[in-house]
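The values are calculated or read from the model by the stated rules, or taken from the named source; none is laboratory data. Because the structure is a prediction, the values reported are computed rather than measured. Methodologically, a virtual Cβ is constructed for each residue, glycine included, from the backbone with ideal geometry; neighbour enumeration extends over all protein chains shown. The accessibility values were calculated without ligands, DNA or RNA, using every heavy atom of the protein model including side chains. Shrake-Rupley method; radii C 1.70, N 1.55, O 1.52, S 1.80 Å.
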Amino acid sequence: MTDTPTPLLPHCATCPYDWSERWCRNAKGKAPADCPSLRMRDLAETSMACMAAEPCGEFARQASREEASCYGGREAGYGAVRPLKPRIVEIVEFARRMGYGRLGLAFCIGLRAEAGVVNEILATNGFAVASVGCKIGGKAKSLLGLEPAEQVDPTAAHETMCNPVFQALALNEARTEFNILLGLCVGHDSLFFKHATAMGTVLAVKDRLLGHNPLAAVYHYDSYCRYLKEPLP
Ligand code: SF4
């Protein structure tokens, strides 16, 4: 086995410059030594070969158009903009912009009530919707080699696994043009994206504790969630 050197990591999250004066926002701006915009210029060109060419090009253009449409007051300048719409509207509008007619909805069974509402909203807006819950297939977790003690309910003789690969394959078979994820677990969402053919977006991620709003823990970093300042056990 050959030792590959650890790559120099980009650190945009800890960029020392104010957002307004960063190089990536202003070509005459400032940048730290490990700035990926400066250090990876070849990748910038490679990425543009994808971003500006089809099929990514149209997707990227419509995503940016939808992004801009999510703000009001733009004519008065950036300082005056105000958000206009929730993400579910953004998704409907983006799908319309792309001319999609058939959407996939991959949801967690724990959010089945919400999935029903989302399905209704999408249908109301004229889309054909193929929806698949995470327990699709009904396979037991024991088939993954999990012990009863590793189940949510250790006393259950059969606990059905989440099967995001089946969700993806079912939506592939339905020939969905765009998939929407609703509440899939960490890791299960990853497997879905890896196996889905169509592009997809996330309406909501799962956060069992925080009402599916994981940023609440981040917003409380200096108060209730200050325990996050120490390594987790
Ligand atoms: S791309 Fe460069 S300038 Fe922009 S945030 Fe990252 S490190 Fe800072």
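Data for the structure
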{"quantity": "Partners for LYS135 among lysines (Cα-Cα distance below 20 Å; same-chain residues under 8 apart left out)", "calculated": "LYS194, LYS206"}
{"quantity": "ARG112 accessible area, assembled protein chains, probe 1.4 Å, Å²", "calculated": "150"}
{"quantity": "Among beta bridges that DSSP assigns inside region 86-233, antiparallel share in %, nearest 5", "calculated": "5"}
{"quantity": "Accessible area per residue, Å², the chain with all protein chains present, probe 1.4 Å", "calculated": "66"}
{"quantity": "Nearest-20 debye value, region 22-120 charge dipole, Cβ charges on Lys, Arg, Asp, Glu", "calculated": "360"}
{"quantity": "GLU54 accessible area, assembled protein chains, probe 1.4 Å, Å²", "calculated": "110"}
{"quantity": "Probe 1.4 Å, all protein chains present, accessible-area order of GLU67, GLU45, GLU21, largest first", "calculated": "GLU45, GLU67, GLU21"}
{"quantity": "Degrees between helix 112-124 axis and first principal axis of the chain (Cα, 0 to 90, nearest 10)", "calculated": "60"}
{"quantity": "The chain, accessible surface, carbon-and-sulfur percent (1.4 angstrom probe)", "calculated": "59"}
{"quantity": "For region 145-162, Karplus couplings with θ = phi - 60° (6.51, -1.76, 1.60), whole Hz, Gly/Pro x", "calculated": "x, 7, 8, x, 5, 9, 7, 4, 10, x, 8, 6, 6, 9, 10, 6, 6, 6"}
{"quantity": "Cβ charges +1 (Lys, Arg) and -1 (Asp, Glu), total dipole of region 86-233, debye", "calculated": "260"}
{"quantity": "Between 0 and 90°, nearest 10: helix 164-173 axis offset from the chain longest Cα axis", "calculated": "80"}
{"quantity": "Of the trypsin sites (Lys or Arg not before Pro) in region 164-233, those whose Cβ has at most 11 other Cβ within 10 Å and which sit in DSSP loop", "calculated": "ARG175, ARG208"}
{"quantity": "Förster-model FRET efficiency, 25 Å R0, ASP3 and LEU43, C-beta, rounded to 0.05", "calculated": "0.60"}
